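The values are calculated or read from the model by the stated rules, or taken from the named source; none is laboratory data. Since the structure is predicted, the reported quantities are computational estimates derived from the model, not experimental observations. Reconstructed Cβ throughout: ideal geometry from the backbone, glycine too, with neighbour counts over all protein chains shown.
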Amino acid sequence: MILLLVAVGAAVGAPLRYLTDRAVQSRHDAVFPWGTLTVNVAGSALLGFLVALPADGAVLALAGSGFCGALTTYSTFSYETVRLAEGGARLLAAANVAASVLAGLGAAWCGMALAQMAA
């Protein structure tokens, strides 16, 4: 049952990641990966919120592991960072790493704080 919940969450999260990434990136005329940063920060905030709630394993499997796991993307973040560095945009590559890590951690903390305030 848990495996099915993870799969259902992922089936929603993965297409949403792709569509959100493309929508955000199309609004920026830059090589910086704004779309990937956006989905990773949003997924971090949601996961922080979820883990701070008194939720059961089924909810965490569906929304946490499934949806958030498919919404966020470490592999694309890594690929885009390497692509920036290899293309000579080392400052942008470093900025992508710093922004992704700091914004992701900050978003997770904010999500947790919001859940604690709501509980």
* Asked: Do we find that Leu92 is of a type outside the set (Asp, Glu), surrounded by 16 or more Cβ atoms within 10 Å (Cβ to Cβ), in a helix (DSSP H, G or I) and more than 18 Å from the chain's Cα centre (by Cα) in this structure?
  -> yes
* Structure fact -> Only unsatisfied item for Leu102, checking (1) over 28 Å from Ala118 (Cα atoms); (2) assigned to a helix (DSSP H, G or I); (3) of a type in the set (A, V, I, L, M, F, W, C), is (1)
* Taking Gln25 and the conditions (1) under 16 Å from the mean Cα position of the chain (by Cα); (2) under 30 Å from Gln116 (Cβ atoms), which numbered condition does it fall short on, given that it satisfies the others? -> (2)
* Structure fact -> So, first residue on the phi > 0 side of the Ramachandran plot and without any contact (Cβ under 8 Å) to a residue 40 or more places away in the chain in region 16-38, second residue surrounded by fewer than 21 Cβ atoms within 10 Å (Cβ to Cβ) and part of a helix (DSSP H, G or I), Cβ within less than 9 Å, six or more apart or across chains; the pairs are none
* **Selected residue [more than 11 Å from the chain's Cα centre (by Cα), modelled with pLDDT of 95 or more and surrounded by 14 or more Cβ atoms within 10 Å (Cβ to Cβ)] from Ala107, Ala85** => Ala85
